[in-house]
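The values are calculated or read from the model by the stated rules, or taken from the named source; none is laboratory data. It should be emphasised that the depicted structure is a prediction, and the values quoted were computed from it without experimental measurement. Every residue, glycine among them, receives a Cβ derived from its backbone with ideal geometry; neighbour counts consider all protein chains shown. Heavy atoms of the whole protein, side chains included, go into the accessibility calculation; ligands, DNA and RNA do not. Shrake-Rupley method; radii C 1.70, N 1.55, O 1.52, S 1.80 Å.
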Amino acid sequence: DEEVGYPVMIKATAGGGGKGMRICHNPEQVVEGYHLSTAEAKSFFSDDRLFIERYIEDPHHIEIQVLAGRKRLNATTKSDPKSVPMGMNTF
């Protein structure tokens, strides 16, 4: 399904340090990237689960800060000086 569009990034859910990440510009690269990322994620993290998300090629600086406690999660963004803190209750 091409609803998301390209490019997309495939990345390991348990990842870090760029391991298990691939940027794909077409369906063929998604198939190859899926197999490579799955194998790399399982090898490095013992977890082969993946995310696939839209890749932003030329991003502006976006910063998100998250502070979490036992009863509340607060997230704020600094991409817009007028941004308002968001609050979400945790379960």
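Does Val66 satisfy the criteria of being loosely packed, with under 11 Cβ neighbours inside 10 Å and of a type in the set (A, V, I, L, M, F, W, C)? Show your work before the answer.
On the way: loosely packed, with under 11 Cβ neighbours inside 10 Å: yes; of a type in the set (A, V, I, L, M, F, W, C): yes.
In short, yes.
Please go through the range 10-51 and give me each residue that is in contact with a Lys or Arg (Cβ under 6 Å, 6 or more places away or on another chain), open to solvent by 60 Å² or more (accessible area, probe 1.4 Å) and in a strand (DSSP E or B), ordered by number.
Matches in the range 10-51: Phe51 only.
Does the range 18-36 include one or more residues that are of a type outside the set (A, V, I, L, M, F, W, C) and more than 21 Å from Val4 (Cα to Cα)?
Going residue by residue through the range 18-36, those that are of a type outside the set (A, V, I, L, M, F, W, C) are 18-20, 22, 25-29, 32-35.
Still in the list and also more than 21 Å from Val4 (Cα to Cα): 18-19.
Yes, because at least one residue in the range 18-36 is of a type outside the set (A, V, I, L, M, F, W, C) and more than 21 Å from Val4 (Cα to Cα).
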